[in-house]
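The values are calculated or read from the model by the stated rules, or taken from the named source; none is laboratory data. Fair warning: this is a prediction, and the values are worked out from it, not measured in the lab. Note: ideal-geometry Cβ built from the backbone for every residue, glycine included; neighbour counts use all protein chains shown.
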Amino acid sequence: MFKGSHVHSIVKKKRLKDEKLEKEYPEVWSDFSLEVVDKTLVNMFEHST
């Protein structure tokens, strides 16, 4: 049986989710580095020998 309390619970959860999604979070910067290595030349050399 679907009751008013069910509706209340659904609406409350939806409201809380919407509030969480709309909240502004501060930016967090950290030291991060990414090294990209192109191995196509190495692979070409290995396969040609």
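Looking at S9, is it at pLDDT 90 or above, outside any loop (DSSP other than H, G, I, E, B) and either in contact with a Gly (Cβ under 6 Å, 6 or more places away or on another chain) or loosely packed, with under 10 Cβ neighbours inside 10 Å (or both)? So S9 fails the test.
With respect to L34, determine if the residue is out of contact with any Leu (no Cβ under 7 Å at 6 or more places or on another chain), part of a helix (DSSP H, G or I) and not hydroxyl-bearing (S, T, Y). Spelling it out, it is not the case that L34 is out of contact with any Leu (no Cβ under 7 Å at 6 or more places or on another chain), part of a helix (DSSP H, G or I) and not hydroxyl-bearing (S, T, Y). Among the residues of the stretch 12-43, those identified as of a type in the set (A, V, I, L, M) and exposed (fewer than 10 other Cβ atoms within 10 Å of the Cβ) are L21, V28, L34, V36, V37, L41.
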